[in-house]
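Scroll down for the structure; my scribbles are underneath it.
Computed from the coordinates by the stated procedures, all read-outs in this text should not be read as laboratory data. For clarity, every value in this text was computed on a predicted model and none was experimentally measured. No Cβ is skipped: glycine too gets one built from the backbone with ideal geometry, and neighbour counts run over all protein chains shown.
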Ligand code: ATP
Ligand code: MG
Ligand code: FE
């Protein structure tokens, strides 16, 4: 089965062809980071405009790098939601037009299901599994009994981890997106400020990062009032220690309570070196198989959408020409 995946939910215009849900034939990602940098974040209007300009080029590039013709495809999978409405619409309409023109079935994929299925492009999924999705807009622990079954057992009550990274980075005058810069500074640091760990109620798998973000901002503000210079790497290291400790502990406790056979991580913040090291060490110690995809598959791409779309297609879950972008789409099970 060959599936064309299309992803335009945020600031990456992406198309990819995946074979049997596991093998990447081509994977094209046009990033808009340079255009959004000077605004310190993604500007929705600019994002939509770039998607319109890039989408046809990116789809054609995915086909030509795969050396394939549209009639060799079995279906088109596209991110239906969640995301920026104007951005989603470009991908959904491109997918509908392509599917209609070439008589192909259309599959609407949830962006987070995509992040999870990125793993399958590098390693087979073993159920029951626990997925830690940690990205710019989400921080969730998801239990999966089998393919297409998603039970969200914990999620952030305010900021996503990536959002907190980007906001803290901004107060340190680091460029957007700030996650990788904080990660780098944290590793260069010879000290760390002690910021709070937010655990919430006993037994909760939910997360909260806005309190941590505020304590970083307050700390910086108070130091400035006193005329003290704060080494930015100490702030970065302190912030990262807090995020990594809480995320690792909650993921570990969930994996043990739900007795899973595998834990996988996904999303842009899963690219974080400190987090990768901490999670790997924690799960290795407990003997629980743990896997994180390589960096380009952690951040937004269309191969992950094709990978999830393939399993949906195999289970007969297809959409139709009434499909629309769904900015607030919930992650529901396929069967
Ligand atoms: P979502 O998938 O929730 O809709 P998104 O697609 O915008 O959000 P991703 O592209 O998966 O999010 O991830 C982007 C986020 O990852 C940004 O917040 C960025 O700062 C963060 N990030 C990337 N690399 C690192 C890193 N090494 N350490 C920490 N954060 C990182
Ligand atoms: Mg992105
Ligand atoms: Fe994403």
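How big is the gap, in Å, between the Cα center of the stretch 45-86 and the Cα center of the stretch 230-268?
Computed from Cα coordinates, the inter-centre distance equals 33 Å.
Could you give the semi-axes, largest first, of the ellipsoid that matches the stretch 46-85, computed as the square roots of 5 times the alpha carbon gyration tensor eigenvalues and rounded to whole Å?
The three semi-axes for the stretch 46-85 are 23, 15, 6 Å.
So how do 150, 100, 313 line up by other beta-carbon neighbours within 10 Å, fewest first?
Lowest to highest Cβ neighbour count: 100, 150, 313.
Could you estimate the translational diffusion coefficient of the stretch 1-93 from the Stokes-Einstein equation, with Rh from the Kirkwood formula over C-alpha pairs, at 25 °C and 0.890 mPa s, in whole µm²/s?
183
Sort all Cα-Cα distances of the stretch 207-335 into consecutive 5 angstrom bins from zero, then give the percent of pairs in each bin up to the one containing the longest distance.
Going from the shortest bin to the longest, the percentages are 2, 8, 13, 14, 15, 15, 12, 9, 6, 4, 2, 1, 0.
Could you work out [θ]222 nm for the chain from helices alone, using -39500 (n - 2.57) per DSSP H run of at least four and dividing by all its residues? Round to the nearest 500 deg cm²/dmol.
Counting only the DSSP helices, I get -14000 deg cm²/dmol.
When the chain is treated as a GNM, springs tying every alpha-carbon pair under 10 Å, which of 249, 131, 118 comes out with the largest mean-square fluctuation?
249
Can you give the Rg and Dmax of the stretch 178-231 based on its C-alpha atoms, in angstrom?
That works out to 13.8, 41 Å for Rg and Dmax.
Among 142, 90, 46, which one shows the biggest mean-square fluctuation in a GNM of the chain, springs joining Cα atoms closer than 10 Å?
Sorting by GNM fluctuation, first place goes to 46.
Write down the Å³ per residue value for the convex hull defined by the alpha carbon atoms of the chain.
125
Determine the relative contact order of the chain: mean sequence separation of Cα pairs under 8 Å and six or more apart, normalised by residue count, in whole percent.
About 27 percent, as a whole number.
Provide the descending list of Cα extents for the stretch 151-290 along its principal axes, expressed in whole angstroms.
Result for the stretch 151-290: principal-axis Cα extents of 52, 29, 24 Å.
Report the antiparallel proportion of the DSSP beta bridges in the chain as a percent, rounded to a multiple of 5.
Given both bridge residues lie in the chain, the antiparallel proportion sits at roughly 60 percent.
Could you tell me the calculated FRET efficiency between residue 324 and residue 127, based on Cβ-Cβ distance and R0 = 22 angstrom, to the nearest 0.05?
E between residue 324 and residue 127, to the nearest 0.05, is 0.10.
Simple spin-label model, 7 Å along Cα-to-Cβ: residue 332 to residue 280 in nm?
Rounded to a tenth, the inter-label distance reads 3.9 nm.
Please check: in the Gaussian network model of the chain (C-alpha springs, under 10 Å), which one of 89, 141, 172 has the largest mean-square fluctuation.
Per the Cα network of the chain with a 10 Å cutoff, 172 tops the list.
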